Amino acid sequence: MTASPDRIIFRFHLSELDPSLLPVEPSLLQAGTSPAAESIRNYFEKSLGFDLAEIHVDFQGDHVNVEWKPRTPNSEKALIGWAVDILKAGAYKMGQVVFSVLAEAFPENIVVLCNYGMLLSDLGHLDKAIPILVKTTNLEPDHANAWNALGVAYQRKEQDEDALFALQKSHSIDPENIYTIRNLGGLIAKKDPPKALNLLKKAAFLLPNDQGAQYGYGLCLRLTGNLAEASSVLHKAIDVAPYSELAELCRSELTAISHEIMREKGGGVRMDVVMYCIAAMERYKELGSEKTKTIAFEIAMLGRSGFDINNPSKKYKLKSLPGEFTGLQLVAYMYVGLKMVDPSLDSGIDFSREYEHALQLYKTR
Amino acid sequence: MNLELQELLNSVEQATGYTVSVTTKEISTHASFVSATPERPVHAVFINPKYAQWGDYLLAMQCSMILIKWKDITRIPDFSPDPQIVNNQIRNISGKMENIPAPAAQKFSSMLISGLLQQLNSIPIQMMAVEICRDRCPSLHRQQNESIQNELREMTSVLDKKIQSTTPQEIFERCVAMNAAYSYHWAEVSGDASITLSYQAAGFCAKGKELLGAYKTIDPKSVTRYQETVDSWAGYLNLNGWYTWRYRSNR
């Protein structure tokens, strides 16, 4: 591999070229057939060549060598801009090859080092990423993004003290850097949620479509006891990407919040829940075990989109059981149903005290 | 929620009498569903969080597939592989794998056969669902384009020489033919033919087009279009008898 400011050779395995950047299919890349070769050659010549640089593309088995020689003083900037665009397109495999060579050719270029460090950090190569990001901050001590990236890398490595130092440094250089605000807030919230609240609120406001920022703020609100607002923020977080893993975490938090609100309203044992449990036991006895399973299953599935257990005026209907029910009533029916089907099943809400009470009362009838 | 998707969810409830519940779950496919029954009175749709960015479209696809299967609620079809024929085929295929220890060959053959039948069952209904989503959910076109292009890219990885050399030819060719048909179908729906390049290069153009042709000869209004397409493809791919249709009524 050759890498100097006057001549660079990138060597890619065909599978490292991201098909979304090239007008060809992955299998064509693997096959190394002529349409693929032509597409690859065109891509590099159009992206890097013409007046800016001399480009030679050479195929060797399942590898392609791309030679770059600058023609003008602007060539280097254009080359680095192209490399950053590769990362923006999410082509990390290709980006890794490109940046490893660029870091060798331009060992003190801040854009190259910072992006390469962030890429390695995103790919989980933290032991390689951290020294590169440290070097970046040494070369340019006022680079807020580099400090932020270093903080994230330390956080990923679970070096929270170092992470805190780096993120605070970034925040002091650029107090409006929203990503630093989000990351710093998240880190502080681990130990001191009230202290993190303002940062996370700001991050959630400035990054309305960032699910992580919304989730972080919602979680912090919950931990600081603002349950109603936490619920609203977590619902907003789910709307950003309803089918993601983070959305699932938001749903679990919402269930826990509903439960906490219910407990706050009702104090110790909720007698309304006890009565719903007794009604469910009686109903299930009449209907038998198969029907019990059906009802519990239906409630559990419908509950995926969330029952409002703290709003008695909102009513729900079931296919398997006639009538209209409140959210709290349905969750009680589900709880009892699941206990009857398999006591080890987790219904996601703790009605154990009410259930025990109901069971005792039911037996004495 | 996206209004067109909400309308599709409403259509499922109106047509089948059951609501749809969506769960995020790590599964082997992008998304899947389990139809409602009187004992489990909710259609359960599962979305793989890995593909969450196309979640609305994947949900729309699952709803469309439910509508296709429940077109006649007195005869809801279930594709059921014939265990005897499947076992014979597994023995047959694994017997040809001379370089692999018998238990591993058996396991690999079983995986290949079940994958092949899964494709036969799923690709025709997917093609029908793609058309429904294209028609009923214009606001999801971007998600549809991205999701299908990604899916087709994943599918073309089968053409890798290593996979080809380790997969028995009779399985490989049938699988790729169905993938090619799906690819050509999407090229027609989307107007983007570049996605078919890899099948042209690999020489599967004719078989893919043949299967797509068979799909097109079946009346789109036919209540049994899904089963008819599967049966027709089974004829072309010499998979007749490998499965049976079981029907249940929701009345």
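The values are calculated or read from the model by the stated rules, or taken from the named source; none is laboratory data. Fair warning: this is a prediction, and the values are worked out from it, not measured in the lab. Note that each Cβ is placed from the backbone with ideal geometry, even for glycine, and that neighbours are counted across all protein chains shown. Ligands, DNA and RNA are stripped out before the accessible areas are found, and what is left, the full protein with its side chains, is counted by its heavy atoms. Shrake-Rupley method; radii C 1.70, N 1.55, O 1.52, S 1.80 Å.
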**Request:** Would you mention how many residues in segment A:332-365 are β-branched (Val, Ile, Thr), within 25 Å of A:Ser252 (Cβ to Cβ) and open to solvent by 10 Å² or more (accessible area, probe 1.4 Å)?
**Result:** 2
**Request:** Taking B:Ile76 as the residue in question, decide whether it is crowded, with 19+ Cβ neighbours inside 10 Å and more than 14 Å from every other protein chain (Cβ to nearest Cβ).
**Result:** yes
**Asked** Out of all the residues in segment B:186-199, is one or more on the phi > 0 side of the Ramachandran plot, away from chain A (no Cβ under 14 Å) and modelled with pLDDT under 90?
**Response** yes
**Request:** Name the one entry in A:Tyr154, A:Tyr116 that is among the hydroxyl-bearing types (Ser, Thr, Tyr), open to solvent by 10 Å² or more (accessible area, probe 1.4 Å) and free of Cβ contacts under 8 Å to residues at least 24 places away in the same chain.
**Result:** A:Tyr116
**Message:** So, in segment B:221-243, how many residues would count as being open to solvent by 60 Å² or more (accessible area, probe 1.4 Å) and part of a strand (DSSP E or B)?
**Reply:** 0
**Asked** If you take the residues in segment B:17-31 that are over 18 Å from A:Phe297 (Cα atoms) and touching a strand residue (DSSP E or B) at 6+ places or on another chain (Cβ under 7 Å), which one is farthest from the other protein chains (Cβ to nearest Cβ)?
**Response** B:Ile27
**Prompt:** Among (1) at the interface with chain A (Cβ under 8 Å from one of its Cβ atoms); (2) open to solvent by less than 40 Å² (accessible area, probe 1.4 Å), which single condition is B:Arg40 missing?
**Reply:** (2)
**Prompt:** Among helices (runs of 4 or more DSSP H) lying entirely in segment A:110-195, which contain 3 or more residues that are over 18 Å from the mean Cα position of the chain (by Cα)?
**Reply:** A:110-122, A:126-139, A:144-156, A:160-173
**Item:** helices (runs of 4 or more DSSP H) wholly inside segment B:126-220 that include at least 3 residues being open to solvent by 60 Å² or more (accessible area, probe 1.4 Å)
**Value:** B:141-156, B:161-166, B:169-190, B:205-217
**Prompt:** Hey, among the residues in segment A:225-266 that are over 22 Å from A:Leu197 (Cα atoms) and out of contact with any helix residue (DSSP H, G or I) (no Cβ under 9 Å at 6 or more places or on another chain), which one's surrounded by the most Cβ atoms within 10 Å (Cβ to Cβ)?
**Reply:** A:His259
**Request:** Return yes or no: is A:Ser305 hydroxyl-bearing (Ser, Thr, Tyr), over 33 Å from the mean Cα position of the chain (by Cα) and either farther than 14 Å from A:Ala280 by Cβ or open to solvent by 30 Å² or more (accessible area, probe 1.4 Å) (or both)?
**Result:** no
**Request:** Name the single residue, out of those in segment A:226-252 being at pLDDT 90 or above and among the polar types (S, T, N, Q), that is nearest to A:Pro208 (Cα to Cα).
**Result:** A:Ser232
